[in-house]
2 protein chains.
Amino acid sequence: MNDIARLAGVSKKTVSRVLNNSPFVREETRVKVNELMQEMGYTPDPQARGLAFRRSFLIGMVFDNPNAQMVVTMQEGVLAGLKGSGFELVVHACDRNAPDFLPEVSAFVERQKLFGVILLPPISENNALVEMLQERGCHYVRMASAVIDEPGNLVASTDSLATAEAAKHLAKLGHTRIGFIAGPPGFRSRAERRLGFLAGLKEHGIDLPARYSIDGAYTYESGIAAAEKLLKLNPRPTAIFASNDEMAAGVYHAARQLGLSIPADLSVVGFDDTPVSRRLWPPLTTVRWPIHDMGRAAAQHLLNAASDQPADDDNAVFPAFLVERDSTASAPK
Amino acid sequence: MNDIARLAGVSKKTVSRVLNNSPFVREETRVKVNELMQEMGYTPDPQARGLAFRRSFLIGMVFDNPNAQMVVTMQEGVLAGLKGSGFELVVHACDRNAPDFLPEVSAFVERQKLFGVILLPPISENNALVEMLQERGCHYVRMASAVIDEPGNLVASTDSLATAEAAKHLAKLGHTRIGFIAGPPGFRSRAERRLGFLAGLKEHGIDLPARYSIDGAYTYESGIAAAEKLLKLNPRPTAIFASNDEMAAGVYHAARQLGLSIPADLSVVGFDDTPVSRRLWPPLTTVRWPIHDMGRAAAQHLLNAASDQPADDDNAVFPAFLVERDSTASAPK
DNA sequence: CTGAAAGCGCTTACAG
DNA sequence: CTGAAAGCGCTTACAG
């Protein structure tokens, strides 16, 4: 920086002003300094800037999510959004049920003086965490399945609309006895997906009796267990909606054990459109949500905050939608 | 830090010495300072330390790997190993085929003054990258499928031994016409898995004719394409080894299209033991390697370097091994 | 619009 | 075994 200042014939301070887009620099000076920085391949030291600013140029991604594909795709989306910004992404896996969960994350944020954090579900739904971040003056973006915060602090998919679509898809195929495998309590997406599905059924005058609705845990094994219960019912459901793909894979397993053919005997719908949905046989009808784009949007929210730009309200909600493949067909007569 | 120094009645410098485990501190002073730090909940500012040290307390994870589950599990392993060390993990996805791949990673390392980086395959096999890191004085650990560096810079699985085991497993089941789907050129694991498999077959006097060996790309689609070619051969192979699980899933797809039953008509073996291997039907016989432990070991290598401890030679090679499930059975008569 | 001084929180020589 | 001075590379007041 000293070199740049010397060569440009200005003070260190002026170089700093150019770096920080201060309006108090003559256009001529700005251009000259910028050119010199380009030439010399100069990039400011983020640690030194951070020390002076009393905050770092790091973004944290805090997660405790079982869906690996989701986590990686989200990371890649965020990294794409952060590219060239000078901010870097620090990952922080944690255990939301640990007794020191909150103080642990708090210590992380404070020690690294994070500029902001991106919260993945279900941690993103933890209000105590968000309050802690606000107190620390740490920016944040919550990834969620519904609108649970202001647009500037949120990137959400429309889970309930998508599951309503799924319900209507099944109803149109003539299914009336439909099984539902819910997500686990503690995930907002459990409620969103459930409520949307019920609403979609209702439009077609279809009811979901309590015994046709079983709680799962978003795991393969829980999908098997839930499907076994549902397929034991009399009369048996002709279709099952599983609140994620992993559980839908469990439904496939249970159906196969019982000699049921998909989709002839049983239609199945999942949620997430993870790679497994295309590895299953037949390929799974499921709900897709734009994880990569949402990660990029989260990064953009944070960069807006960093440059004091207003929140981009149009970049907060992303539609999820049904992808029809071969696991759904007309209800058996 | 000033507070601590004042309360302890020593200079800032002495506190610093305690922090850095300098031997030149009286035991009594050390204990007193440590107690005070504990009491006050003091943690040194990594940015300030970094600025003075001319390097940061950040570890980079550089990757361009298609296996999301692997990436996340590796991250979690590294984070577990780094926990409490004061080091944080910065993720850096990149495109190994981009023209500015090397300068881009180089700029990242230099700008952040990374203490070290962890390289995931296939990037870990790039020698030009490693030379660049050495020149920069940046510590590194290569994750690999074979011993390609000194133990202190390496965490490797024993891919070739594991595929030899897989080959012998198939041979013992009576298979003699075996198809092989290789990984793509540019991955060291391609050669390791191939050579090990050939060696295993050889032990049983079995040959792999060229037309029974097809190149894949570690993707589902490439697995389908390769399997279609193999299953068209006359005589048809009674078993197929796919160099990863994704391609094995492709083999399932192709077999099903042809009305072949697994394992009655065709035995299948994969590699990676990703979740998909248990979602397939029947569950896939595959090779497991201890990704989480390997991530933790990589972190440990870097922490050893940070505390000037000698490399832990016994913590560099991790055995991969066959997990027998239901996709392999005796060769059809 | 621009600059000289002081400081962010730590560490490295250099003395003692 | 311990301390006073100078510095890491930047920014924030404060002047002009």
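Can you pull out every residue in segment B:11-29 that is crowded, with 17+ Cβ neighbours inside 10 Å and without any contact (Cβ under 8 Å) to a residue 12 or more places away in the chain?
Listed by number, the residues that qualify are B:ARG17, B:VAL25.
So which of A:ALA255, A:ALA199, A:ALA249 is small (Gly, Ala, Ser) and away from every other protein chain (no Cβ under 14 Å)?
A:ALA199
Hey, can you tell me all the residues within segment A:6-22 that are more than 16 Å from A:ARG49 (Cα to Cα) and either in the same structural domain as A:ALA306 (by TED's automatic domain parsing) or near DNA strand C (Cβ under 6 Å from one of its atoms) (or both)?
Matches in segment A:6-22: A:VAL10, A:SER11.
What number of residues within segment B:40-74 satisfy the criterion of being in contact (Cβ under 8 Å) with a residue 60 or more places away in the chain and within 12 Å of DNA strand C (Cβ to nearest atom)?
2
What are the residues in segment B:23-39 that are within 12 Å of DNA strand C (Cβ to nearest atom) and closer than 21 Å to B:LYS83 by Cα, if any?
B:MET37
Given the conditions (1) in a helix (DSSP H, G or I); (2) more than 15 Å from the chain's Cα centre (by Cα); (3) under 30 Å from A:ASP95 (Cα atoms), which single one is not true for B:ALA107?
The number of the failed condition is (3).
Within segment A:219-326, which strands (runs of 3 or more DSSP E) (wholly inside it) include 1 or more residues that are at pLDDT below 95 and either farther than 18 Å from B:ARG256 by Cβ or in contact with a strand residue (DSSP E or B) (Cβ under 9 Å, 6 or more places away or on another chain) (or both)?
none
Name every residue in segment A:32-78 that is farther than 23 Å from A:ARG111 by Cβ and of a type in the set (Ser, Thr, Tyr), in order of residue number.
A:TYR42, A:THR43, A:THR73
Pull up segment A:277-308, narrow it to residues that are β-branched (Val, Ile, Thr) and away from chain B (no Cβ under 14 Å), then point me to the one that is surrounded by the fewest Cβ atoms within 10 Å (Cβ to Cβ).
A:THR285
Looking at (1) in contact (Cβ under 8 Å) with a residue 24 or more places away in the chain; (2) surrounded by fewer than 17 Cβ atoms within 10 Å (Cβ to Cβ), which one does A:ALA8 not meet, given that it meets all the others?
(2) is the only condition that A:ALA8 fails.
Of everything in segment B:165-184, what is over 14 Å from B:ILE240 (Cα atoms) and touching a helix residue (DSSP H, G or I) at 6+ places or on another chain (Cβ under 9 Å)? Give them in sequence order.
B:GLU165, B:PRO184 - these are the residues of segment B:165-184 that are over 14 Å from B:ILE240 (Cα atoms) and touching a helix residue (DSSP H, G or I) at 6+ places or on another chain (Cβ under 9 Å).
For residues that are buried (at least 21 other Cβ atoms within 10 Å of the Cβ) and at the interface with chain A (Cβ under 7 Å from one of its Cβ atoms), scanning just segment B:57-78, find the one that is farthest from DNA strand D (Cβ to nearest atom).
It comes out as B:VAL72.
I want to confirm something. Restricting to segment B:75-85 and keeping residues that are closer than 17 Å to B:ALA306 by Cα and in contact with a strand residue (DSSP E or B) (Cβ under 7 Å, 6 or more places away or on another chain), which single residue is nearest to DNA strand C (Cβ to nearest atom)?
B:LEU82
Out of curiosity, is A:LYS32 more than 30 Å from A:THR219 (Cα to Cα), surrounded by fewer than 20 Cβ atoms within 10 Å (Cβ to Cβ) and within 16 Å of DNA strand D (Cβ to nearest atom)?
No: the conditions fail for A:LYS32.
Is it fair to say A:GLU39 is within 16 Å of DNA strand D (Cβ to nearest atom) and either within 10 Å of chain B (Cβ to nearest Cβ) or surrounded by fewer than 17 Cβ atoms within 10 Å (Cβ to Cβ) (or both)?
Taking the combined requirement at face value, the residue satisfies it.
Just a yes or no: is a residue in segment A:79-88 closer than 18 Å to B:VAL72 by Cβ, of a type in the set (D, E, K, R) and more than 10 Å from DNA strand D (Cβ to nearest atom)?
Looking for residues that are closer than 18 Å to B:VAL72 by Cβ, of a type in the set (D, E, K, R) and more than 10 Å from DNA strand D (Cβ to nearest atom), one finds none in segment A:79-88, hence no.
Can you tell me how many residues in segment A:81-104 are acidic (Asp, Glu) and more than 10 Å from chain B (Cβ to nearest Cβ)?
So the answer is 2.
Would you tally the residues in segment A:110-140 being assigned to a loop (DSSP other than H, G, I, E, B) and surrounded by 15 or more Cβ atoms within 10 Å (Cβ to Cβ)?
Number of matching residues: 8.
Results for (1) more than 10 Å from every other protein chain (Cβ to nearest Cβ); (2) modelled with pLDDT under 95; (3) under 26 Å from A:ALA68 (Cα atoms), shown as yes or no for each residue.
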{"site": "B:ARG55", "(1), (2), (3)": "no, yes, no"}
{"site": "B:SER106", "(1), (2), (3)": "yes, no, no"}
{"site": "B:SER124", "(1), (2), (3)": "yes, no, yes"}
{"site": "B:LEU129", "(1), (2), (3)": "yes, no, no"}
{"site": "B:MET132", "(1), (2), (3)": "yes, no, no"}
{"site": "B:GLU150", "(1), (2), (3)": "yes, no, no"}
{"site": "B:SER157", "(1), (2), (3)": "yes, no, yes"}
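Looking at A:VAL71, is it in the same structural domain as A:GLY137 (by TED's automatic domain parsing) and of a type outside the set (Lys, Arg)?
So A:VAL71 fits the description; yes.
Answer yes or no: is there a residue in segment A:163-185 that is touching a Ser or Thr at 6+ places or on another chain (Cβ under 7 Å), within 16 Å of A:LEU120 (Cα to Cα) and part of a helix (DSSP H, G or I).
Within segment A:163-185, none of the residues are touching a Ser or Thr at 6+ places or on another chain (Cβ under 7 Å), within 16 Å of A:LEU120 (Cα to Cα) and part of a helix (DSSP H, G or I).
Which is over 28 Å from the mean Cα position of the chain (by Cα) and assigned by TED's automatic domain parsing to the domain that holds A:ILE224, of A:LEU280, A:LEU266?
A:LEU266
The values are calculated or read from the model by the stated rules, or taken from the named source; none is laboratory data. Here the structure is a predicted model, which means the values were calculated and not measured. Cβ: placed from backbone, ideal geometry, glycine included. Neighbour counts: every protein chain shown.
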